[in-house]
Amino acid sequence: MNLFILLQAAQAGAETAAEAPRSGFMQFLPLILIFLVIWLFMIRPQNKKQKEIQKARAALQVGDRVVTSGGIYGKLRDIKDDAFIIEISENVRIRIEKTAVFAAGEPAANPSK
């Protein structure tokens, strides 16, 4: 019985193989569509967000409050070629790479009294 099923499957495979082969473009069309969808929904938005972050970094000026990638809030004190000098507390300054600064920080909280 199993041999009979295998023979039927072989005949069905031979019949489908006898059909005209698809053109080269039609074989790659699903792959092209998958890459297009990945680009539209993953790569393009990521590039757009990266450009916005770079514009925000370029617009930073001395005195702006910033947040680093490590979550450190500080005030921008100096701008170097590849780094920022950030004051995180009174007379405590650290040097941070420009790529580690993600956003302008919140304004300093005003004490009640």
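Report whether or not Ile34 is assigned by TED's automatic domain parsing to the domain that holds Glu97, β-branched (Val, Ile, Thr) and either in contact with a Cys (Cβ under 6 Å, 6 or more places away or on another chain) or at pLDDT 90 or above (or both).
no
Can you tell me which residue within the stretch 71-101, out of those that are of a type in the set (A, V, I, L, M, F, W, C) and not in a strand (DSSP E or B), is nearest to Leu60 (Cα to Cα)?
In this case the residue turns out to be Ala100.
Looking only at the stretch 65-74, which residues are surrounded by fewer than 17 Cβ atoms within 10 Å (Cβ to Cβ) and out of contact with any Gly (no Cβ under 6 Å at 6 or more places or on another chain)?
Result: Ser69, Gly70, Gly71, Ile72.
The values are calculated or read from the model by the stated rules, or taken from the named source; none is laboratory data. In this text, all values refer to a predicted model and were calculated from it rather than measured experimentally. Note: ideal-geometry Cβ built from the backbone for every residue, glycine included; neighbour counts use all protein chains shown.
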